[in-house]
Structure formats: C-alpha cells, structure tokens
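Inspection log for the structure reproduced underneath, given as structure tokens.
The numbers here are math on the coordinates, done by the rules we state, and not lab data. None of these values were measured; they are calculated from a predicted model. Note: ideal-geometry Cβ built from the backbone for every residue, glycine included; neighbour counts use all protein chains shown.
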Amino acid sequence: MKRVNSNILYIYRANKQKAFVGRLVFAANKVTFQYAKSFIEDNHAPSINDFHLPKIKQEFSETGLTGILNVFNDALPGIWGKHVLNTIKGRKLSDAELLLEDQKNRIGDLVFSSIAQFPDITHNFLVEPFDWAELLAAKESIEHQDQLTEKQQGLLKNGSGQGGARPKLTLLKDRQLYLIKLP
C-alpha cells in the first residue's frame with residue numbers, strides 16, 4: 001500500500017451495511033474526529049463510544065489517539081504488529097498508515113480508508129497446511145533484524161493487527177479463527 005498522501009481517514013462499520021461513520025483527520029499537532037451527518041441521523045447506528053464520542057454534530061480533538069480518541073488507538077496493532085509492519089515497510093509508519101495497513105487481519109468493528117469508499121478488506125488469514133519450521137524461521141529473522149523474504153513477510157503479516165508485544169498469527173481452521181502465539 002502506498003504511503004498516505006492525505007491525513008484524512010474515512011471510517012466505516014465492518015458490517016453488512018458498511019455504514020460511513022465519520023472522518024479522522026491527522027494534523028501536525030492534533031487529531032480530530034467528526035461523525036458523518038448520515039450516521040448521526042441513523043437512529044439504529046450506535047455511537048463509537050457513548051461516553052467519550054456521543055453521536056452528535058461536533059468535532060472531537062486531541063493531540064493524538066489518546067483521551068477521548070483512544071478508541072481509535074485500540075484499533076492500532078500492538079508492539080509486535082507495529083514491529084512487523086515497520087520492518088516490512090523499512091521505516092516507522094504513522095498511526096494513520098498503521099490503521100490503513102492493518103485492515104485484513106484486524107478483528108473489530110471499524111474499517112479505515114484513505115478515500116471516501118469502503119476498502120477491500122478480504123481477510124488474509126494463515127490456513128493449514130503450512131510449514132511450522134518456515135514460520136518459526138521467519139519469526140527468528142525479524143527478531144534478529146535479518147532481511148525477510150517476501151514469503152516470510154506474508155507469513156508474519158497475518159495476525160499483525162492483534163495487540164500485545166509477543167509474536168502471534170491468526171489461523172483460519174475449519175472456518176474458525178484461532179490466535180497462534182509463537183514462542
């Protein structure tokens with residue numbers, strides 16, 4: 001995925017309706033969120049957070065994805081996922097880029113897009129059979145800051161959206177999702 005040219009992210013619900021929720025804008029010293037008018041007017045659409053982000057016409061702002069905007073920080077990958085994504089891209093990604101980069105493996109209700117259109121979030125989970133030795137070798141390579149092959153990048157990117165500091169992957173087996181925590 002290309003680097004974000006715009007610092008505006010469009011937010012959608014990851015449900016059948018794919019409802020447009022609002023816009024998240026990243027500026028030099030602040031981040032703002034505002035609900036879409038259509039979302040506010042939808043009486044069946046719940047707010048993202050009743051306490052911090054009530055469904056009203058207002059611009060909510062913070063210095064980052066903290067405080068009242070912490071709900072969006074929850075959508076970011078954890079330490080392991082950030083390490084994987086930054087290593088694959090060869091640089092430190094911004095929060096906006098991480099929210100866009102991590103769509104296919106994130107479990108949650110919000111979907112982010114750099115354009116005013118619902119993005120392709122076809123899930124890309126690890127499926128059996130796969131080579132455990134190859135998987136563990138990829139994990140060792142990234143932990144030792146070795147160069148990753150394209151296949152290793154693909155293996156490690158699965159599950160990068162899950163929180164936490166330890167290596168993990170998302171496995172799809174018998175139409176059930178499993179979280180694999182690696183040693």
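Some notes on this structure:
- Using the Karplus relation 6.51 cos²θ - 1.76 cosθ + 1.60 with θ = phi - 60°, the per-residue 3J(HN,Hα) values for the range 172-183 come to 9, 9, 6, 6, 10, 8, 10, 9, 9, 9, 8, x Hz, with x marking Gly and Pro.
- Computed from the C-beta positions of residue 59 and residue 15, the FRET efficiency with R₀ = 25 Å rounds to 0.50.
- Per residue, the average separation of C-alpha pairs within less than 8 Å and at least 6 apart gives the range 126-181 a relative contact order of 33 percent.
- Highest mobility in the GNM of the chain, judged by mean-square fluctuation with C-alpha springs under 10 Å and restricted to 17, 147, 34, is found for 17.
- Per-residue Karplus couplings for the range 145-150, computed as 6.51 cos²θ - 1.76 cosθ + 1.60 with θ equal to phi - 60°, are listed in order as 6, 7, 5, 9, 6, 4 Hz, Gly and Pro entered as x.
- By the rule of a C-alpha distance below 18 Å, with chain neighbours fewer than 8 residues away ignored, the lysines paired with residue 92 are 2, 82, 157.
- Considering only beta bridges that DSSP places wholly inside the chain, some 90 percent are antiparallel.
- Size of electric dipole in the chain: Cβ of Lys, Arg +1 and of Asp, Glu -1, about Cα centre, debye, nearest 20: 260 debye
- Candidates 119, 54, 129: whichever shows maximal mean-square fluctuation once the chain is modelled as a Gaussian network with Cα springs under 10 Å: 129
- Bridging of residue 55 to lysines at a Cα separation below 26 Å is possible for 16, 18, 30, 37, once same-chain residues fewer than 8 apart are set aside.
- Top of 36, 28, 96 by mean-square fluctuation, Gaussian network on the chain, Cα under 10 Å: 28
- Taking the chain and dividing mean pair separation by its residue count, relative contact order in percent (alpha carbons under 8 Å, at least six apart): 21 percent
- Using alpha-carbon coordinates, inclination of helix 132-143 to the longest axis of the chain, degrees: 70 degrees
- Stretching residue 38 away from residue 165 to a fully extended chain increases their span by 41.9 nm, per 0.36 nm per residue minus the current alpha-carbon distance.
- Toward the positive end of the charge dipole of the chain, with +1 on the Cβ of Lys and Arg and -1 on the Cβ of Asp and Glu, the farthest Cα among 149, 36, 136 is that of 36.
- Helix 79-89 and the long axis of the chain differ in direction by around 80°, with both axes built from C-alpha atoms.
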